[in-house]
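> I have a structure here, written as structure tokens, and I will follow up with some questions on it.
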Amino acid sequence: MSGVLAQRIKSPEGHARRFLVVCMVIGFAGLALIGIAAALLTARTSEHTQWVNHSYQVEVSIGRLQALIEQAETTRRGYVLTGHTSYADNARATAARIGPAIEAVAALTADNSRQTARIAGLREQLAAIAAEQDKTIALTRAGRRDEAVASFAAETGFRRMRAVRGLLAAMLADERSLLAARDAAQQSGLQTFWIVLVASGVLIVAVAAVSLAAITRYTRDLTTARDRLQLLNTDLEGAVAERTADLSRANEEIQRFAYIVSHDLRSPLVNVMGFTSELDAARQSLADLVDAAEQTSPEIVTDEARLAAREDLPEAIGFIRTSTQKMDRLINAILKLSREGRRVMTPEKLPLDEIAAGVRDSLSHLASDRGAEIIVDSPLPELISDRLAIEQILSNLVENAVKYLSPDRPGRIVISGQRTRDRVMVEVSDNGRGIAAADHSRIFDLFRRSGTQDQPGEGIGLAHVRALAYRLGGTIDVTSTFGEGSIFRLSLPFSLPDAGTTA
């Protein structure tokens, strides 16, 4: 029944979600269109501003050039008429500035072929005017003022000056015409932008209205579906409780099985360890016999016998002993996990500051020997949970952080925490070796370790931590960057669920 209801709810929910997604896409498209239009208008406005400034620069340069030409001609006439040398000096100085001025105009109008042609004509006219000016100034300086005045009266310089003024006026008119055309284009672009803006605004308003109507309808349908789902909560909670009981029974069976298996493995392991000791004693007797034979009858002792008695047998027995000791530690670890799984959790109000300080103090000597500091970032929140389990979790995490420090920097381990609504988050962070990304999940598996194995251990610490976290109704995960450090995050309920059970 619940599956049919869920399917019915899911179908309109999917349609509503797709419809809202389409509306959002259309709305974003409208916004994007406005943004693109604004960007294009801004770019065009910037370009227009640059060209306006360019036109003004051209006009100023042309005006400056025209003023210099007029000034040169005026001072030349003053010198011819008066003979004062100051006019001649002023004429030479002004004529020297005409060349750079015309080059400046040519550089500014190099992109305009019409202006380039006018510049060429201007150069030709100015060259002729300059030659005539030099001639009359030279006659005046030689004391032949009458000839200079007669030459000035007969020359055609005034026609050349009219031609120069005409060229300069044409250049100014051309720039103003370009400026007017650019202004017209700018106005056209602005008008287009306003059209796009209004159309996009209308589109967004329409999409918003349709979306609001769809959300209102979807909310009404969702409320109806929620009311119908609440009718099934009683049956669902009963099913969950039954499934939880089944899982608890299965967990207890697994724990009992682990205990029985590990307990039964110890008997043959003890036999193997005993026979290993006997083999070691026999190996010693055999070695003594070989030593004695070498003293009395060395010819009967072969190299194989000598090698077997002094190297092969000791090495093999050492391997057997190392393996049995490791298996003994693994069996002890399984037994420990099994016993912890059967232990009754006893909830009580716990001050995490006090527990973290106790863990810090118990490991302070080890941390000091390794050049590390353990910091409790007080205040830590309180919670209602099992004291022994919390102490074991923090001790394992902090001890791991102390064991796997980085040799490149002083160790720094921080215990911090905070409460968020009905959950308590506890973090143990360090600046140690870090954990490779591929190992972030496998380090919580039983007998699995990560990185260089240069520290003692069997790979059960983090598996024990995860098991305890689950029993407390919480979770644990890790965030780590290899070579930089790790952060273990423990998430626990503020109050231990199902208190007093062995789940």
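> When the Kirkwood radius is taken over all Cα pairs of the range 345-493, what Stokes-Einstein diffusion coefficient follows at 37 °C and 0.692 mPa s, in µm²/s?
Rounded to a whole number, D works out at 213 µm²/s.
> In addition: On a 1.4 Å probe surface of the protein chains, which of W194, W51 comes out largest in accessible area, and what is the full order?
W194, W51
> On to the next question. From the mean inverse distance of alpha carbon pairs (Kirkwood) and the Cα radius of gyration, derive Rg over Rh for the range 168-230. Each step should come with its number before you reach the end.
On the way: Rg = 27.0 Å, Rh = 16.5 Å.
Computed over Cα atoms, the ratio is 1.64.
> Cα centroids of the range 296-326 and the range 464-493: how far apart, whole angstrom?
Centre-to-centre distance over Cα atoms comes out at 48 Å.
> To continue, here is another question. Tally Lys and Arg at +1 and Asp and Glu at -1 over the other residues with C-beta under 12 Å from the C-beta of I487: what net charge comes out? Present the calculation step by step, with values, prior to reporting the outcome.
Working: positive: R489; negative: E427, D430, D477, E484.
Net charge in that neighbourhood comes out at -3.
> A further question follows. Calculate one ³J(HN,Hα) per residue across the range 104-110 by plugging θ = phi - 60° into the Karplus curve 6.51 cos²θ - 1.76 cosθ + 1.60, and present them in order as whole Hz with x for glycine and proline.
Coupling constants for the range 104-110: 5, 5, 5, 5, 6, 10, 5 Hz.
> Count neighbours as other Cβ atoms within 10 Å of each site's Cβ, and list the chymotrypsin sites (Phe, Trp or Tyr not before Pro) in the range 370-451 that are DSSP loop with at most 16 such neighbours.
On the way: sites: Y404, F444, F447; in loops: Y404, F447.
Of the chymotrypsin sites (Phe, Trp or Tyr not before Pro), the ones in loops of the range 370-451 whose Cβ has at most 16 other Cβ atoms within 10 Å are F447.
> If you count only protein heavy atoms and use a 1.4 Å probe, how large is the accessible surface of T322, to the nearest 10 Å²?
Its accessible surface works out to 90 Å², give or take rounding.
> Right, another one. Could you order peptides 62-74, 88-100 by the average number of other Cβ atoms within 10 Å of their residues, highest first?
62-74, 88-100
> Tabulate in residue order the Karplus-calculated ³J(HN,Hα) for the range 413-426, using 6.51 cos²θ - 1.76 cosθ + 1.60 with θ = phi - 60°, rounded to whole Hz; enter x for Gly and Pro.
Coupling constants for the range 413-426: 10, 10, 9, 9, x, 7, 10, 10, 6, 9, 10, 10, 9, 10 Hz.
> Can I ask one more? Report, by chain and number, residues whose modeled amide H sits under 5 Å from the one on E373, excluding near sequence neighbours (fewer than 5 apart, same chain).
Amide H to amide H, under 5 Å and 5 or more residues apart or across chains, E373 pairs with G411, R412, I413.
> Multiply the residue separation of L40 and L289 by 0.36 nm, subtract the distance between their alpha-carbon atoms, and state the gained length in nm to one decimal.
Contour length minus Cα-Cα distance gives 79.6 nm.
The values are calculated or read from the model by the stated rules, or taken from the named source; none is laboratory data. All values derive from a computational prediction rather than experimental measurement. When we count neighbours, we look across all protein chains shown, and the Cβ atoms used for this are built from the backbone with ideal geometry, even at glycine. To get the accessible areas, we keep the full protein, side chains included, count just its heavy atoms, and leave off ligands, DNA and RNA. Shrake-Rupley method; radii C 1.70, N 1.55, O 1.52, S 1.80 Å.
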